[in-house]
1. Being among the β-branched types (Val, Ile, Thr) and farther than 17 Å from Cys13 by Cα is the filter here; which residues of the range 33-79 pass it?
2. I need the full set of residues from the range 1-32 which are hydrophobic (A, V, I, L, M, F, W, C) and over 15 Å from Val73 (Cα atoms), in order please.
3. Anything in the range 203-232 that is more than 15 Å from Gln22 (Cβ to Cβ), at pLDDT below 95 and among the charged types (D, E, K, R)? List them, or say none.
4. Looking only at the range 94-127, count every residue that is of a type outside the set (A, V, I, L, M), touching a Pro at 6+ places or on another chain (Cβ under 7 Å) and crowded, with 21+ Cβ neighbours inside 10 Å and tell me the total.
5. Of all residues being in a loop (DSSP other than H, G, I, E, B) and either without any contact (Cβ under 8 Å) to a residue 40 or more places away in the chain or out of contact with any helix residue (DSSP H, G or I) (no Cβ under 7 Å at 6 or more places or on another chain) (or both) in the range 210-232, which is surrounded by the fewest Cβ atoms within 10 Å (Cβ to Cβ)? Just the residue, please.
6. Given (1) in contact (Cβ under 8 Å) with a residue 60 or more places away in the chain; (2) over 26 Å from Asn105 (Cα atoms), where does Ala207 come up short, assuming only one miss?
7. Residues of the range 164-178 being of a type outside the set (Ser, Thr, Tyr) and either at pLDDT below 95 or surrounded by 22 or more Cβ atoms within 10 Å (Cβ to Cβ) (or both), which ones?
Amino acid sequence: MKIGVVTFPGSNCDYDCYKAVQEGLGAEAVFLWHKEHDLQGVDAVFLPGGFSYGDYLRAGAIAAHSPIMREVVAFANGGGPVAGVCNGFQILCEAGLLPGALMRNRTLKFRSRPVYLRVEQAQPPFTSEYQAGQVLRVPIAHGEGCYTADAEILDDLEATGRVAFRYCDAAGEVTPQSNPNGSARNIAGIVSPAGNVLGMMPHPERAVDVVLGNTDGLGLFRSLADFLVESA
C-alpha cells in the first residue's frame, strides 16, 4: 500500500498527512511535488491543507492548474481514491473534481478550533470505519471554508447520498450555532458521484493519535486502507 501526499508551495499540512499514513496505518507514504508528472505508482492521493501558492486569485485556484494535478485528475477519473483536506478541498473544487466552491467564512474571521462532525454516510473508500450518525470531534483551521453551491447541486448531493460529513453539536444535532463558517446546509465534506473523491474542510490528520488528544480522524485513514486491501 502506497499513498501519495502532494506538496504545493505553501502547503503546511503535508507532513501531518504523511505521518498519519506512515504511523497511523503503517503504510508507505511518499511526497509528490507540485511540478512533477509522476504519481510514483501510488494507490491513493491526499491533497493537504495549507495556503497553496499563497491563495492568490482564490484559494486553490492556481494549484488546480499545477503539473501534478493533471495526473491527479486523470487518476481520479480512472477511479483512484483522492482525498482533499481544507486547502485540498478547495483545490478539488477548483479542478472540477467536486462541485461547488469554498468562500470566505461568513464571519470573515479565520476559525481554528475543534468542531463536531456528524458522519452522514458510512461507505468505502473513506468512511466505512464509521457509522452513519456517528459524531466526531475534529479540528478546523481555515478562513475560506464556507461551502457554497446552487440549490440544484445541493439537492443532488443530498438525494444521491454524497454529503459525507456535516457540522453538528456534541449531541449530533445540526444547528446554525454548530456551523463554524456558514457552509450551506452545514456541509463539512462531500464525495464525487463515483464516491472515490472526497473533499472536507476539517483536518482528520490532526486527530489520529492520543498524543494529539483525539483519534477520531483515524477512521478515515483506516477506511481507505481497508478499501485498498480489498481492492488489491
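1. Initially, the range 33-79 is screened for residues among the β-branched types (Val, Ile, Thr), giving 42, 45, 62, 68, 72-73.
Within the range 33-79, Val42, Ile62, Ile68, Val72, Val73 meet the criteria.
2. So in the range 1-32, the residues hydrophobic (A, V, I, L, M, F, W, C) come out as 1, 3, 5-6, 8, 13, 17, 20-21, 25, 27, 29-32.
Selection gives Met1, Ile3, Phe8, Cys13, Cys17, Ala20, Val21, Leu25, Ala27, Ala29, Val30, Phe31.
3. Glu230
4. So the count comes out to 1.
5. Selected residue: Ala232.
6. So Ala207 meets the others, but not (2).
7. First pass over the range 164-178, keeping only residues of a type outside the set (Ser, Thr, Tyr): 164-166, 168-174, 176-177.
If the condition is that a residue be of a type outside the set (Ser, Thr, Tyr) and either at pLDDT below 95 or surrounded by 22 or more Cβ atoms within 10 Å (Cβ to Cβ) (or both), then Ala164, Phe165, Cys168 are the ones that fit.
Per-residue answers, yes or no, for (1) farther than 22 Å from Leu228 by Cα; (2) crowded, with 19+ Cβ neighbours inside 10 Å:
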residue	(1), (2)
Gly41	no, no
Ala44	no, yes
Pro48	no, yes
Tyr56	yes, no
Ala61	yes, no
Pro67	yes, no
Pro81	no, yes
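The values are calculated or read from the model by the stated rules, or taken from the named source; none is laboratory data. Note that the coordinates shown come from a computational prediction; the quantities given were computed from them, not determined experimentally. We place every Cβ from the backbone using ideal geometry, glycine too, and count neighbours over all the protein chains shown.
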